[in-house]
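Working notes, beginning with the structure itself.
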Amino acid sequence: NDRQNYTHALTDFYMWLNQDGKIVWISNINSTVYQKYNGFDLSYRPYFAVPKNTLTAYYSSLIESNDKVPRLYVSYPILSKQGVEYHNNLTKKGSFSGLVATAIRIQSLGNILKSQLLPQFNSTIGLVDNDGIILYANDPSYIGKHVSGKELQSALFSAGSANSINSLNKVLSISLRGNRGSEDIYTQGRLKTIAYEPVIIEGKHFLTLYVSSSHNLASNVAIAIDQLKNFGISMIIIIGLV
């Protein structure tokens, strides 16, 4: 509950699951709701199955929760270290005893990033997971869709020429391989710079962050690219706080 209160601007709730994937506790719930969810089986969810099998932290892609709200999940295994063998081998992992997980509403994450954009530069933010699934976009209808899917590709086709579509798809392909950089693209009758930066946590490519800025002034674009670098650092700090 204390951790939930500390990170409430970003997280929806925290959960404690036992070794079988059943709910032991959810943060800040009343007794009536607790009785409803106590013992509820979530062992089929990847945020339980992956830490159980790997004994390592897990950062999810977009998952639709039981209440139909799309969220990201971060979960850490609880490892029991009982016995003399752990005193002699400090790097040996313990036995799996459950996990603690938190849920991040994607809209909350997007709002935090948008609040840091300078409004006069007419910039936009995008988030894509490392499988190419759109996690956050200005148009919420794209959330949960793949970057190479029909919906997004149709929108790109209507917004620009074949050259601009190829350039955008090139940016998406390069960025999803964990690269960082920027590209000038002429689309919707305007020249824009799209900058991209991977968000890497514990050595793993978790998300890719995009900032798009129109060329109203060249200095604006430079500032937007600098913002992207700061956003990448902010994302790591935000997840770290969780």
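The values are calculated or read from the model by the stated rules, or taken from the named source; none is laboratory data. None of the values given here were measured: they were computed from a predicted structure. Cβ coordinates were reconstructed from backbone atoms using ideal geometry, including for glycine residues, and neighbour counts include every protein chain displayed. Just so you know, the surface numbers come from the protein's heavy atoms only, side chains and all, with ligands and any DNA or RNA stripped out. Shrake-Rupley method; radii C 1.70, N 1.55, O 1.52, S 1.80 Å.
Over the range 102-147, accessible surface divided per residue gives 43 Å², non-protein components excluded, 1.4 Å probe. Of the cross-linked pairs 52/81; 68/93; 36/204, which ones have a Cα-Cα span greater than 27 Å in the structure shown? Result: 68/93; 36/204 exceed 27 Å. Computed with a 1.4 Å probe on the full set of protein chains, the accessible area for residue 2 sits at about 120 Å². Counting only residues at least eight positions apart within a chain, or on another chain, the lysines with an alpha carbon under 25 Å from that of residue 192 are 114, 145, 150, 170, 229. The residues 205, 8, sorted by heavy-atom accessible surface at 1.4 Å with ligands and nucleic acids left out, run 8, 205 from largest to smallest. Shape of the range 1-154 from the C-alpha gyration tensor: prolate (a/c of 1.5 or more and a/b above b/c, with a ≥ b ≥ c the square roots of its eigenvalues). Between residue 186 and residue 8, what FRET efficiency comes out of the Förster formula 1/(1 + (r/R0)^6) with R0 = 51 Å and r the beta carbon distance, rounded to 0.05? That pair, residue 8 with residue 186, gives E of 0.75. Of the residues 62, 109, the one with the largest accessible area comes first in the ranking 62, 109, computed with a 1.4 Å probe on protein heavy atoms.
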